[in-house]
Each structure stands twice: as C-alpha cells, then as structure tokens.
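K.L.:
This is the structure, below, for whatever I ask next.
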Amino acid sequence: MKPPIGPATRLCMSLAARPGTFGSRFHNHLYAALGLDYVYKAFTTTDLAGAIAGIRALGIRGCAVSMPFKEDVIPLLDELRSSAAAIESVNTIVNDDGHLSGYNTDYSAVAALVAPLDRRPFLLRGSGGMAKAVATAMVDAGFAGGTIVARNAARGPALATKLGCDWVADPDGRTAPILVNVTPLGMTGADQDALAFTPAQIAAAEVVIDAVARPVDTPLLRAARSAGKRVVTGAAIAKLQALEQFVLYTGVTPTDEQVAAAEAFALA
C-alpha cells in the first residue's frame, strides 16, 4: 500500500505550456501499485528559471519537460546525459541532491518503436525539441533520405543540415514511404481538427507516425488507419518515455502488466 503523503514523500512533476494528464495519471498509478512514497503533479510556468531553481531548492526528484521548454532549459542544468546532449533537447530532469541532469527519453522511446520498420525515406514535419528527438532517433537507426518540413527558416535548415537531411518550408504535395508528424497539428485544442498530411500523401505512404499523444486517436492516425497504413502512435511514444522517466526517478522497474495497467488508466 502506498504510504500517506508526509514529510518523506518525494515529488515529481512536469512542465509544459499546455499540461496534460497522461504523465500524472501514469506515474501516480504506478506509485500506488508499487507502494512508493511519491506524488506526481503537472505544472505550467512563465518563469522557467524560477521553476528550475525551485526543483533544485525543494528537492523535487524529477521533472518531465515538454513544449516549449525542451531547449531553453539546457543552460539551467548542471549536466546533459548523452541522450540529451546529442540532440540538444531535454525532456527529463533528474535531481540528485541538487545536481540536475538532463536526459531525453523521447529519443529512446522513438528508437525502440521504429526498430521494426523497414529503413525507408521519411518526410517529417516539425523542428522543435520533440522533432529533433524523433528525427535524430530515425537517422541514428539508419533511416536515410529524410526530409524535414518546417516553416521556421532557421531551425528547419539547421536540423536538416545536422542530420544530413533535406529541408523544405512546405510539404507541397511531397510524398515519402514514412510520414512523421511532430507538430501540434491534430493536438487537443486549437489544432485538433487539422490534418498534418494530405489524403494523397497518406495514400502514397507505407507508415504514418504521429507524435501527438492527446487525443490518442488523432485525425492523422484515423486517416492512416482508414487507408490501411501501419501506424506508430503518440500514445505509444508517451508510454515508453514515461516508463523510462519512472525508472530514472524511482530506481524501480515495473512489470509489463503493471505498465499496461498504468497506461490504460492514463488513457481512460
């Protein structure tokens, strides 16, 4: 049984512009299932430096980092582990007695999920922190012939050059065997009805990857499934990266059954 909240309870948290519920529900469900004296809470902030100082000062054990903080947080940390240093993007902070280390569990989650796919060219929309993690994981895994689609004329070409990919500002009807959305298009909110790729692009693809986790079933995923395409979901990415965070924070590895139950609870 999970101990009641008290002075010894350890706090973990997340920082995002638009906080979601997946992380809180996933982590807290596992804390209860494993009887761990932890609590997880989602936050947003307009003072990133103050928030990170609070993590250090209050002994907050871990922090998940989401848009738009994944790159801006780097100068505020003491160390970048290899997963974050390679792509200059942090989605996880671990606090060891005031020493803050940055990791990127998005990278390892994507690497695991694309491992079974044929190494085919890809068309990826996005150039932010999550896009860097996804694109780098794919290139490192041997997916060649990638094209980065990004309107940002600084970030898009920089990411493409670093990874040896092409860059275009707009997809303009381009096709590829693998389509990857790493933008807010289709995310709950203002863009929830937007389709990241056209029906013609989806029809020409073999695999569609959507990093959006809310909602679980995005317009892009629905269109891809209707067209009979193989899909990799944002929910699957969210589960694997959250599991790695959980292990980093607690040192405990749940069973597959416990993880499945936590994922079901988080998505309910």
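The values are calculated or read from the model by the stated rules, or taken from the named source; none is laboratory data. Bear in mind that the values here come from a model prediction, so they are computed numbers and not experimental data. Cβ placement follows ideal geometry from the backbone for every residue including glycine, while neighbour counts extend to all protein chains displayed. Protein only, heavy atoms only, side chains kept; ligands, DNA and RNA dropped before computing areas. Shrake-Rupley method; radii C 1.70, N 1.55, O 1.52, S 1.80 Å.
K.L.:
Going 7 Å from the Cα of Arg120 toward and past its Cβ, which residues in the stretch 172-188 have a backbone nitrogen under 11 Å from where you end up?
P.N.:
176-179
K.L.:
Please report, to one decimal in angstroms, the Kirkwood hydrodynamic radius of the stretch 1-89 built from all distinct Cα-Cα pairs. Provide the component values of the computation, followed by the final result.
P.N.:
Values: mean 1/r = 0.0710 Å⁻¹.
Every distinct Cα pair counted, the radius reaches 14.1 Å.
K.L.:
Next up: On full extension of the chain, what length is gained from Ala264 through Ala17, given 0.36 nm per residue of separation minus the C-alpha to C-alpha distance?
P.N.:
On the way: separation 247, 0.36 × 247 = 88.92 nm, distance 2.45 nm.
Gain in length upon complete extension: 86.5 nm.
K.L.:
Right, here's the next one. So, in Å, what gap is there between the alpha-carbon centers of the stretch 139-154 and the stretch 221-268?
P.N.:
Taking the Cα centre of each part, the stretch 139-154 and the stretch 221-268 sit 24 Å apart.
K.L.:
For the stretch 191-268, what Kirkwood radius comes out of the mean inverse Cα-Cα distance, in Å?
P.N.:
On the way: mean 1/r = 0.0720 Å⁻¹.
Taking the inverse mean of 1/r over all distinct Cα pairs, the stretch 191-268 comes out at 13.9 Å.
K.L.:
Pairs of Cα atoms under 8 Å, at least six residues apart: use those to get the relative contact order of the stretch 165-268, whole percent. Working shown, then result.
P.N.:
Details: 134 pairs, mean separation 22.1, N = 104.
Normalised by residue count, the contact order of the stretch 165-268 is 21 percent.
K.L.:
Follow-up. Probe radius 1.4 Å, ligands and nucleic acids ignored: give me the carbon and sulfur share of the accessible area of the chain as a rounded percent. Spell out each step's value before the answer.
P.N.:
Numbers: 6460 of 11520 Å².
Carbon and sulfur together cover 56 percent of it.
K.L.:
What is the spread of the Cα atoms of the stretch 1-40 along each of their three principal axes, largest first, in whole Å?
P.N.:
Reported extents, whole Å, longest axis first: 32, 20, 9.
K.L.:
Lys162 to His99: FRET efficiency via 1/(1 + (r/R0)^6), r the Cβ-Cβ distance, R0 30 Å, to the nearest 0.05? Walk me through the numbers on the way to the answer.
P.N.:
Values: r = 28 Å, r/R0 = 0.95.
Computed FRET efficiency for Lys162 and His99 comes out at 0.60.
K.L.:
Grab the eigenvalues of the alpha-carbon gyration tensor for the stretch 73-155, scale each by 5, take roots, and send me the semi-axes largest first in whole angstrom.
P.N.:
On the way: eigenvalues 135, 49, 12 Å².
Semi-axis lengths for the stretch 73-155 are 26, 16, 8 Å.
K.L.:
If a/c stays under 1.5 just call it rounded; otherwise compare a/b with b/c (prolate if a/b is bigger, oblate if not). Do that for the chain, with a ≥ b ≥ c from the square roots of the Cα gyration tensor eigenvalues. Present the calculation step by step, with values, prior to reporting the outcome.
P.N.:
Working: a/c = 2.03, a/b = 1.54, b/c = 1.32.
Note, shape of the chain comes out prolate.
K.L.:
Give me the net charge for the shell around Ala144: Cβ to Cβ below 9 angstrom, other residues only, Lys and Arg +1, Asp and Glu -1.
P.N.:
Working: positive: Arg119, Arg120; negative: none.
Every neighbour counted, the sum reads +2.
K.L.:
Rounded to the nearest 500, what is the chain's calculated 222 nm mean residue ellipticity when only DSSP H runs of at least 4 contribute -39500 (n - 2.57) each, over all residues? Display every interim value, and only then the final one.
P.N.:
Numbers: 10 runs with 102 residues, N = 268.
The helix-only estimate for the chain comes to -11000 deg cm²/dmol at 222 nm.
K.L.:
Within the chain, what is the number of lysine pairs with alpha carbons under 20 Å apart, leaving out pairs fewer than eight places apart on the same chain?
P.N.:
Details: Lys2/Lys41; Lys41/Lys70; Lys41/Lys239; Lys70/Lys132; Lys70/Lys162; Lys70/Lys239; Lys132/Lys162; Lys132/Lys239.
Taking the chain as the scope, the lysine pair count is 8.
K.L.:
If the convex hull of the alpha-carbon atoms of the stretch 16-150 is projected onto planes in all directions, what is the mean projected area in square nanometres? Before the final figure, lay out each step's value.
P.N.:
Numbers: hull surface 36.7 nm².
Approximately 9.2 nm², given one-decimal rounding.
K.L.:
If you average 1/r across every pair of different Cα atoms in the stretch 91-247 and take the reciprocal, what Kirkwood value do you get, in Å? Before the final figure, lay out the partial values.
P.N.:
Values: mean 1/r = 0.0634 Å⁻¹.
Every distinct Cα pair counted, the radius reaches 15.8 Å.
K.L.:
What are the radius of gyration and Dmax of the stretch 136-188, computed over its Cα atoms and given in Å?
P.N.:
11.3, 32
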